[in-house]
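One structure is given here, and the rest of the page talks about it.
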Amino acid sequence: MAHASGRLRAAFFALSLFVPLSVVAAGEPLRDPVVAPHIDSATVATVERAAQQSGLRLSVLHAALGAYREAAGAGAVRRAVLTVIDYSLPSHVRRLWVLDLGHGTVLASELVAHGRGSGDDVASRFSNTTNSYQSSLGAFVTADRYEGKNGLSLRLQGLNPGLNDQALSRGIVVHGAWYVSEDMIRKSGRLGRSEGCPALSKTAAPRIIDMIEGGSVLFAYYAAPELQRSLRTQ
């Protein structure tokens, strides 16, 4: 645990050099100034009920909460918000959830695309390598927003060495994409695919970025051995 926390503190130190604290603190989606709250048993029970009602599996939620606690303990969290992506689900179903941990509610449930190198409708391959066009797993902390080739986008800092810590250099960001839509699913049976980014619909992206920017945790799950090893070190 201490070794893992030390690695996360190092990752957050690198993020603090990249993102000014004034940016990290900006754009709070929640009214209450709650930052990295202690997650007690009552809060967990409330979040569990809300998550189950929205289709988020408890095993995935618990893994995400563990990653959130670890990141908060390392000082990497500025927002009481947790985003969970379950890449073990196919792309034609909603598999991204945004949770308000201060109030135990689900703020959003959305479609999200994976990288074209990860698979077709179902992702099965993941990477931390540039030009792999694969999605990455594990815990990320959200950084700053910017306008790029895909419009409004949100940078992600990977917190797991060897698993996702090349996210910034790879340009792995949250952004909107034309190929993420119910219409695409009707035509193709699945979403289109990104170059490794968790891409949202054009309409959902600005709303989700407003909710999660500036120091919240995003956790991407798949039952892969490399992620399981990372979770065991927490």
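The values are calculated or read from the model by the stated rules, or taken from the named source; none is laboratory data. Just so you know, these numbers come straight off a predicted model, no measurement behind them. Backbone-built Cβ (ideal geometry, glycine too); neighbour counts: all protein chains shown.
Some observations on this one:
- Where T130 falls short, out of the listed (1) part of a loop (DSSP other than H, G, I, E, B); (2) buried (at least 23 other Cβ atoms within 10 Å of the Cβ): (2)
- Residue pairs meeting the criteria (Cβ under 7 Å; at least 6 apart or on separate chains; first of a type in the set (S, T, Y), in the range 103-122; second crowded, with 19+ Cβ neighbours inside 10 Å and assigned to a loop (DSSP other than H, G, I, E, B)): S118/F126; S118/Q134; S118/S135
- The single condition among (1) touching a residue at least 12 places away in the same chain (Cβ under 8 Å); (2) part of a helix (DSSP H, G or I) that H62 does not satisfy is (1).
- Filter result for G151 (at pLDDT 95 or above and on the phi > 0 side of the Ramachandran plot): yes
- Within the range 214-234, restricting attention to residues that are farther than 21 Å from Y133 by Cα and touching a residue at least 60 places away in the same chain (Cβ under 8 Å), the residue that is surrounded by the fewest Cβ atoms within 10 Å (Cβ to Cβ) is T233.
- Counting only residues that are crowded, with 24+ Cβ neighbours inside 10 Å, assigned to a loop (DSSP other than H, G, I, E, B) and either among the aliphatic types (A, V, I, L, M) or touching a helix residue (DSSP H, G or I) at 6+ places or on another chain (Cβ under 9 Å) (or both), the range 78-112 holds 5 of them.
- Considering residues of the range 171-213 that are closer than 18 Å to A123 by Cβ and free of Cβ contacts under 8 Å to residues at least 12 places away in the same chain only, the residue surrounded by the fewest Cβ atoms within 10 Å (Cβ to Cβ): S188
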